[in-house]
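As structure tokens, the structure follows; a few thoughts come after it.
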Amino acid sequence: MTTIPSPAPYAAPVDGARAGAHVSARTGWMAVAGLASLGAGAIHAAAIGVHAEHRPAAVTFAIIAAFQLAWGALALVRSNRVVALIGIGIGVGSFAGWIWAKAWGIAFIPGLDVAEPVQTADGLAAGLAAASVLLIGLSLWTGRRGATPSRPPMVAAALGLTALSVFGMIAAGTHVHSQGAGGHSHGTTVVANQEPQVVVPYDPTQPINFSGVPGVTPEQQAAAENIVSATLLLLPQWSDPEYALAHGFQSIGDGFLGTEHFINDTYIDDNKILDPTRPESLVWDTTTGERRLVAAMYMLRRGTPLEDAPNIGGSLMQWHIHNNLCYTPAGQVVGLTNSDGECGPGLVLPEPTPMIHVWLEPQECGPFAALEGIGGGQIAEGETVNCDHVHGSTTN
């Protein structure tokens with residue numbers, strides 16, 4: 001009997017070189033996307049420390065960095081559709097968040113709540129995030145049947161992305177905030193003609209030290225420190241509102257706003273300025289229903305042009321005026337000027353008078369901070385509102 005061997009199963013010929021090209025190209029472009037994500041994550045990680053004064057912003061950067069670094073590491077060893085979709089989500093999310101922050105500010109994240117111009121570090125981080133999404137798309141395209149992609153230049157990509165990442169990390173260390181209020185800079189700051197000093201927030205219970213503001217001379221720093229020190233020492237003599245009212249002060253009737261001002265017309269018209277024994281205005285906190293003295297508002301003589309205000313403390317101090325508040329003849333503020341800059345019938349628009357606050361308590365924008373909104377007044381043309389975050393409160 002003749003035995004007939006079973007036929008061997010038919011196997012279609014496989015173009016091994018072509019299949020290998022698909023796998024290698026797809027995996028390679030995914031790896032390059034991972035490198036881009038690692039770079040973006042590294043820049044965000046470097047930005048954490050320089051945003052430490054705004055914990056929500058620092059935490060946001062930490063979370064973004066963690067996701068980008070983790071996915072970047074995963075993409076170096078895995079290349080499939082699930083990994084690709086996760087990477088697209090992270091990349092698109094971080095890029096969209098960057099656009100949101102730059103265009104409008106993210107209101108619910110302190111430290112990112114004010115729109116800022118694009119700077120080197122954040123621009124590079126956003127660019128690398130966008131590049132990772134594009135590279136993921138290229139990786140997915142290489143997996144299509146019939147595609148014949150080229151393999152990525154891994155060495156050149158690794159070197160180039162590493163260089164960009166390091167440059168972005170260094171730039172992140174000198175990132176500058178505007179915060180919508182004049183700005184504050186991160187990194188090392190040195191007072192002119194002095195040795196570098198540690199910048200500390202303004203704390204009225206500690207020795208006053210306003211070092212660390214670029215461009216402020218030692219003389220300007222000393223003058224600002226003396227003004228605050230004298231105010232802390234002598235202004236509390238006016239802490240009884242009834243005593244102040246009995247000695248020539250008058251409320252302008254704005255206590256319902258949470259902050260009330262007392263004005264002394266005699267002190268406004270004398271020749272003394274920045275004198276806590278003769279303050280032109282007292283500022284009270286009324287949020288609890290009681291008056292608590294929180295600041296002096298020193299004023300120059302009535303009608304002094306804002307440009308003639310003395311430059312005593314350099315950029316530490318910024319004078320402002322109010323040229324849109326309407327008062328009754330009795331001195332009560334009751335509204336704002338109309339579109340023509342005029343008050344209504346029977347109301348008075350006082351001569352604009354330069355003024356500046358000196359706070360007895362820590363403030364987010366420093367010891368000379370103006371009030372917010374209408375209370376902030378108007379500053380000299382061409383200036384931006386100063387917000388001295390380096391000496392601002394760490395608790396606000």
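Quick note: the coordinates plus some simple rules give every number you see, no bench work behind them. Being a predicted model, the structure only gives us computed values, none of them experimental. No Cβ is skipped: glycine too gets one built from the backbone with ideal geometry, and neighbour counts run over all protein chains shown.
Numbers for the structure displayed
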quantity: Nearest-0.05 FRET efficiency for residue 167 and residue 292, computed from C-beta distance (R0 45 Å); calculated: 0.35
quantity: Projected label distance in nm at residue 115 and residue 217, using a 7 Å step from Cα toward the beta-carbon; calculated: 3.9
quantity: Shape call, the range 212-367: gyration tensor on alpha carbons, a/c limit 1.5; calculated: oblate
quantity: FRET efficiency for residue 336 and residue 82, using Cβ-Cβ distance with R0 set to 56 Å, rounded to 0.05; calculated: 0.45
quantity: Efficiency of FRET between residue 226 and residue 271 - r from beta-carbon atoms, R0 22 angstrom, step 0.05; calculated: 0.70
quantity: Residue 302 versus residue 348: modelled label distance in nm, points set 7 Å from Cα along the beta carbon direction; calculated: 0.7
quantity: Label-point separation, residue 315 to residue 209 (7 Å along Cα→Cβ), nm; calculated: 2.1
quantity: Label-zone membership for the range 317-349, site residue 256, 7 angstrom Cα→C-beta point, backbone N under 13 Å; calculated: 333-335
quantity: For the range 62-138 versus the range 302-374, the gap between their alpha-carbon centres in whole angstrom; calculated: 43
